[in-house]
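Would you mind keeping the following structure in view while I ask a few things?
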Amino acid sequence: MTLSYSQRLLFWTGVMLLALVATWAAGQLVRTKLSLSGSLFRDFAFAALILLLFAPSLWFLTWILFSLNGRMAPDLLKVVPYGLLFATGLLLVRQWGDPDEAVEAPRPRLYHRLPTGFEGEIYRLTVRDHSVDVVTSEGTFTIRSRFTDAIAEMEPVPGHCTHRSHWVVDSTIVGVKKEAGKTYLRLRNGDHVPVSRKYKQHLVDDGLL
C-alpha cells in the first residue's frame, strides 16, 4: 500500500502474467515428462514446479518495484508463502475442479518409444519386416518390436486386429470401404486398412463392420 496506484496496478498485472507463464510452463513439463505417472504424483509435481517458477519470479518483480522507489524489498523467504498459497490453490482446482481430468487414464506404454514431446494420436500399427510402423497424427514412426508386444503396449486403448499385419485404434475408425471383393476400414486420417476373413467376424460382432 506504500506504492502509488499506478505502481500497484503494474505490480498486480505483472503478478498475473507471471502466474499464467508459470502455470503454462509447469503444465507443459508435466505433460511431456510425466505423462505416464499417476495422477496424484503429476498433481504434486505440477504444484512444486509452479512454486519453483513463480516464487523467485514474484520476488524479482517485487525487488525491482521497491528498488525503483528507494525502498527495501522483502527477502525471498517472505515471498515463498505467497507462491506456496498460489500453488496449493491451483492443486485444489486441478484435483476437484475438473472431474474428467482427475480420472484420465494413463497413456499407453508405447508412447515411451515415440519421440520426446509427442502429443499426437496413434491411429494404427503395421508390421514391416522385423519392425512396427506406428501411424500417428504427427507422422509415422518405426520401432523395433514384435507386433504382439506393440499391441500389448497400447493398453488400455481399445483396438482390433484387422489383419495379421494390421491393428487399429477403434476410435479412429470412421467408415468401411469395399473394393474388388475386399473390405477395408477407413480411418480418420484417410488410411484404408485391409480386413482379412480371419478377423472379419470378430469386427462384425463388436459392431465395427
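The values are calculated or read from the model by the stated rules, or taken from the named source; none is laboratory data. What you see is a predicted model; the values in this text were computed from it and never measured. In this analysis, Cβ positions are derived from the backbone assuming ideal geometry, glycine residues included, and neighbour counts consider all displayed protein chains. We work out accessible area using only protein heavy atoms, side chains counted, and drop any ligands, DNA or RNA first. Shrake-Rupley method; radii C 1.70, N 1.55, O 1.52, S 1.80 Å.
For residues in the range 58-73 being assigned to a loop (DSSP other than H, G, I, E, B) and open to solvent by 40 Å² or more (accessible area, probe 1.4 Å), which is nearest to Leu9 (Cα to Cα)?
Asn69
Which of the residues belonging to the range 110-125 are open to solvent by 70 Å² or more (accessible area, probe 1.4 Å) and either closer than 14 Å to Gly159 by Cβ or not basic (Lys, Arg) (or both)?
His112, Thr116, Glu119
Consider the range 163-208. How many of its residues are assigned to a loop (DSSP other than H, G, I, E, B), open to solvent by less than 90 Å² (accessible area, probe 1.4 Å) and over 17 Å from Arg124 (Cα atoms)?
Residues meeting the conditions: 3.
Within the range 126-160, can you find the residues that are in contact with a Ser or Thr (Cβ under 9 Å, 6 or more places away or on another chain), part of a loop (DSSP other than H, G, I, E, B) and surrounded by 13 or more Cβ atoms within 10 Å (Cβ to Cβ)?
Answer for the range 126-160, where residues must be in contact with a Ser or Thr (Cβ under 9 Å, 6 or more places away or on another chain), part of a loop (DSSP other than H, G, I, E, B) and surrounded by 13 or more Cβ atoms within 10 Å (Cβ to Cβ): Ser145, Glu153, Val157.
What are the pairs with Cβ atoms under 7 angstrom where one residue, in the range 21-37, is open to solvent by 30 Å² or more (accessible area, probe 1.4 Å) and the other, located anywhere, is modelled with pLDDT under 80 and outside any helix (DSSP H, G or I)? Sequence gap at least six, or different chains.
Final answer for the pair search is Leu36/Pro106.
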